[in-house]
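Colleague: Here you go, one structure.
The values are calculated or read from the model by the stated rules, or taken from the named source; none is laboratory data. Everything numeric here is computed off the predicted structure, so don't read it as measured data. Here Cβ is always computed from backbone atoms with ideal geometry, including for glycine, and neighbour counts include all displayed protein chains.
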Amino acid sequence: MTQFYEIRIEGHLDGKWADWFDGMSITLEEDGNTLISGPVSDQPALYGLLRKARDLGLPLVAVNCATGPPKPHSATNKRSATKMDANTTNQPDARALLSTLWIVVMIGILAADVLSLNIPGSEELLKTTSVSAGLSIPQLMFIGAVMNGLALAMIILSRVLPSRVNSWVNIMVGLITFAYIWAGAAPYPHYTFIAAVETICLLAIIWLAWRWRTEGPRR
């Protein structure tokens, strides 16, 4: 038997999340909570919705069952919800923003590698780095390939991973990439400039992922 449920979670979600919640109505409330309401076919469907709410990383406030469609909200609440929804839709999607920042980081890594090939004595510099690191040249090349692969993978993973996992993965890979960039820093203007751009992007990634972890996806 289909019943109407109201699921209230802490934090604001964008209306576009309605598709993720099987087309249920999403209302942003003045107290900072989000009301997800609509018909639910059975208990397994309800549990599925609750799992989706959990995956967003936002605390569950309440779950209420009604015998019929929920009563319309007051005009004041509707105006407030509409205004807040308009504000949030003007903001970039967190997943898309993280993915875009990783694209910039990836381009920076590739650009630094390509430009460094034109440095006089680059082969000797590579041998010197190999000796100082205690690694063979193939091992150094493998580490570089792994780091390039991580940055490339994050472009996709930032869009598809569950919210809570997504934030932690972005933070950890961001810190690892930051260490990699500056551990292999070369004393050349082009590398310093590219590394600075990458650092700004990585700090933005870590900050966005941390805010997402603590506040939840507000868009």
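Colleague: Taking interchain pairs and intrachain pairs at least six residues apart, which have beta carbon atoms under 6 angstrom, with the first residue in region 20-31 and assigned by TED's automatic domain parsing to the domain that holds ASP55 and the second of a type in the set (Val, Ile, Thr) and at pLDDT 70 or above?
Modeller: PHE21/ILE36; MET24/ILE36; ILE26/ILE36; LEU28/THR34
Colleague: Assess whether SER130 counts as being in contact with a Pro (Cβ under 9 Å, 6 or more places away or on another chain), modelled with pLDDT under 85 and of a type in the set (Ser, Thr, Tyr).
Modeller: no
Colleague: Applying the selection to region 34-50, what residues are surrounded by 18 or more Cβ atoms within 10 Å (Cβ to Cβ) and part of a strand (DSSP E or B)?
Modeller: If the condition is that a residue be surrounded by 18 or more Cβ atoms within 10 Å (Cβ to Cβ) and part of a strand (DSSP E or B), then THR34, LEU35, ILE36, SER37, GLY38, VAL40 are the ones that fit.
Colleague: Does region 156-172 contain at least one residue that is over 26 Å from PRO59 (Cα atoms) and buried (at least 17 other Cβ atoms within 10 Å of the Cβ)?
Modeller: No, region 156-172 has no match at all.
Colleague: Within region 103-113, does at least one residue satisfy the condition of being in the same structural domain as TRP210 (by TED's automatic domain parsing) and either at pLDDT below 75 or among the acidic types (Asp, Glu) (or both)?
Modeller: yes
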